[in-house]
Amino acid sequence: MPFHSVEDWLWSWCLENEAQAYIDASGRMIVAQDDSRKGANSFREGLALVKEGGKWGYIEKTGKMVISPQFSECGQFVEGLAAVKAGNKWG
């Protein structure tokens, strides 16, 4: 069960049943991904990418969806901005 990434002392962890969760440095589970969310990604600037219903959105460290899944592709936040694709347009 390998670590995928590290940021802000949270790790994305792939569990035996291929479910994903975030754990802190002490090994305590912070955010468990439910079955409707896929693709646990590292946190950048307090947000992490998650895929839900075939679209990408962003969660905060409590697991609350803060940018609804609406993008076909998107990237991590850097200096307050993230590249996103909706339809055929990038922004």
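None of the figures in this text is laboratory data; all of them are computed from the coordinates on show. The structure displayed is predicted, hence computed values, not measured ones.
List of remarks:
- Here the Karplus relation 6.51 cos²θ - 1.76 cosθ + 1.60, evaluated at θ = phi - 60°, turns the backbone of region 75-87 into coupling constants of x, 6, 6, 9, 6, x, 10, 9, 6, 9, 10, 10, x Hz, with x for every Gly and Pro.
- Karplus (6.51, -1.76, 1.60) ³J(HN,Hα), θ = phi - 60°, over region 51-59, in Hz, Gly and Pro reported as x: 9, 9, x, x, 10, 9, x, 10, 10
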